[in-house]
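Just so it is clear, none of the values below were taken in a lab; they were calculated from the coordinates. Source: prediction; values computed, not measured. Because the Cβ atoms are built from the backbone with ideal geometry, glycine has one as well, and the counts that use them run over all protein chains shown.
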Amino acid sequence: MRRLRIGILASLFGLLVLEQAAAQDQRQNAPGKFDFYLLALSWSPSFCEQAGDRKNAQLQCAERPFSFVVHGLWPQYEKGFPEFCQNPPPFVEGRIVNSMLDLMPARGLIIHGWKKHGVCAGQSASAYFETIRRARAVVKIPPQYLEPQSPLDVTPDEVEEAFVTANPGMSRAGVAVTCGDTRLSEVRICMTRELQFRECAEVDRRACRRDKLVMPPVRKG
């Protein structure tokens, strides 16, 4: 009986290894070799409530009111995603970092995003961050989420539907809401390499499953 159990466990472990290998894209971490982009829009008031007085949050969470900010534009495979595709990564100039602070109000976030995700796009730093700007310009934020002055009680489905309604061509299978505790964290939108909306089953499966979420209000400037 003990040998039988060991044999079963070994078989299960072997299947797990095979599944992990299948999920690992053969192009893993090759710059420029990916299937689509994931645009992550972070709800800044949720981040700021969680960040408290952390030094790296001072720019984003000071007097200037931010609602949705860009967390990143991440190359994706149909299953999984590349990361840290060049070590060390090419240097990103300070002028480029400064030019992105209106969309991504944290220097550390911009630099980290370039090292972990941007290099994988197979573009220069200036071209990649211009792609982020163009991707953000494609997406319209639903008007009720532009500058809410009081907390909003929402469901993930309501937020997804609001984005789909505001953005012709976007489908519920191509947008996912994520959450941290009871607060809305991000809206993640799948886009082709040409920055058109598309569906993405794996991203959709990782969406928040809570019944209710809170969107803290935008800080007054």
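Some notes on this structure:
- Förster-model FRET efficiency, 45 Å R0, E202 and L146, C-beta, rounded to 0.05: 0.90
- Reciprocal of mean inverse Cα separation for the stretch 31-215 (Kirkwood radius, Å): 16.8
- On the basis of the beta-carbon distance and an R0 of 30 Å, R209 and E130 show a calculated FRET efficiency of 0.25.
- Euclidean distance of C-alpha centroids, the stretch 75-115 and the stretch 141-210, integer Å: 22
- Pairs over the 21 Å Cα-Cα cut-off, from the set K33/K79; K79/K116; K33/K140; K116/K140: K33/K140; K116/K140.
- Here's the picture: charge each Lys and Arg Cβ at +1 and each Asp and Glu Cβ at -1 in the stretch 31-215, and of V175, F129, A201 the one pushed furthest to the positive end of that dipole is F129.
- Per-residue Cβ neighbour rank within 10 angstrom, fewest leading, T182, T131, T155: T182, T155, T131
- The stretch between E158 and L101, if pulled fully straight at 0.36 nm per residue, gains 17.6 nm over its current Cα-Cα span.
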